[in-house]
Amino acid sequence: MSKEIAIEVKNLSKHFRLPTEKPAGLKQAFLNWTRGVKGYKKQRVLHDVSFNVEKGDFFGIVGRNGSGKSTLLKLISGIYEPDGGSVRVNGSLVSFIELGVGFNSELTGRENVYLNGALMGFSVKEVDEMYDDIVDFAELGEFMNQKLKNYSSGMQVRLAFSCAIRAKSDILVLDEVLAVGDEAFQRKCNLFFDDIKKDKMKTVVLVTHSMDAVREYCNKAILIDSNKMIINGAPEDIANEYSLRNLDPSFANTQKDEASDSIVKDFKIELLSPKQVNQNEMIEIKISYKVMQDIETNALVSLMDMDRSVSIIGGRTKTELCKKNTEVIHTGAFDLSQINDSTIKIMGEVWDSDGNILCYLPDASSPKFIVRRTDYGQSKAKWAILFDRGKWR
């Protein structure tokens, strides 16, 4: 027996008018009109998007910046009117889309709690009863009598989110909540999501760039790209496709030589394995460069977790004497057993025997791939900093 529909989006389309020129006066405006010059162009933001969110779903919406995610949430929330298609919401809905909506910067934090509570339909007595919980969650007790304009953006979002989660709503719409606030606040968000995920009467629609959040909380998700819905399906599939689409599609393999343009040329690192691998697999790469004089060299390769901005594995080839005008080639493999759910960038440098960097691979030329763990749902693998784990030939 199918669940009851909470949100039905059917053939939804939206565009905006972008001005191209501003007439200098009424005469110019009239001339533009007679010539058929509109003075604007249409920008299509969403085109023919359709999906259903069932009651009790924790529904994820992902996509790159500019794909139309926030516009979609505003259409669902009734902030925008669609140009085509329809949105049907079955139940009460509260949206937390933009920082500051429903708040007045000239009022104090305390006054804003009561103002926001009134907008959400709470009586003064009801706000009185929940006020302490709101302040405790936001951790702003000593600042509640200060004006909101003196708050940092992190303080404002903590207060706004603390108010939003107490709304009397069947559906909660959240945009990029996990991207703001400090680590302690994000932990509170996670605990809140853990609780709300267990409540089958609550429906959550979450826009996020965190694929960890999509896998951890969502039971369904969609991917939007180029203003269209690309995939509607399981969170793991959506997260994998999103990560793959964010990999640099072109590897120019052009080197930038800071130390000496005459010693090493044509430095390349090539990925020999697929761009998506499981954590129990090895990743294989090929290094090549050309030396322009007799010199002893070695190559250092490191794998960087782009999601967490840390280097996780490094390996260096043996130092060897290279003859002038010869091409040096090495292939190597790295063990990925302690890496999971990450987007990895391969970086590299060429060194001489005295420890001087002769050449390095620029970011635009760095191959990238994603690692997915195979035991999802079990305890997460522990992270370790590993060095010299490469096996070179």
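Every number here is computed from the coordinates shown, using simple stated rules; none is lab data. This structure is a prediction, so every number in the text was calculated from the model and none was measured. Quick reminder, even Gly has a Cβ in these numbers, built from the backbone with ideal geometry, and neighbours come from all protein chains shown.
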Given 4 °C, 1.567 mPa s and a Kirkwood radius over Cα pairs, the Stokes-Einstein diffusion coefficient of the stretch 68-165 in µm²/s is 89 µm²/s
If you plug each phi of the stretch 214-230 into the Karplus form 6.51 cos²θ - 1.76 cosθ + 1.60 with θ = phi - 60°, what whole-Hz ³J(HN,Hα) values come out, in order, with x for Gly and Pro? 4, 5, 6, 10, 7, 9, 8, 7, 10, 10, 10, 8, 6, 6, 10, 7, 8
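What pairs from LYS188/LYS228; LYS14/LYS220; LYS69/LYS268 go past 27 Å between their alpha carbons?
Numbers: LYS188/LYS228 33 Å; LYS14/LYS220 24 Å; LYS69/LYS268 37 Å.
As for pairs spanning more than 27 Å Cα to Cα, those are LYS188/LYS228; LYS69/LYS268.
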Using only the Cα atoms of the stretch 107-149, each taken as one equal point scatterer with no solvent, compute I(q) by the Debye sum, divide by I(0), and report log10 of the ratio at q = 0.33 Å⁻¹. -1.19
Return the percentage of antiparallel bridges among DSSP beta bridges fully within the stretch 85-230, rounded to the nearest 5 %. 25 percent
Checking rank on 154-164, 130-140, 50-60, with mean other Cβ inside 10 Å and highest first, the result is 154-164, 50-60, 130-140
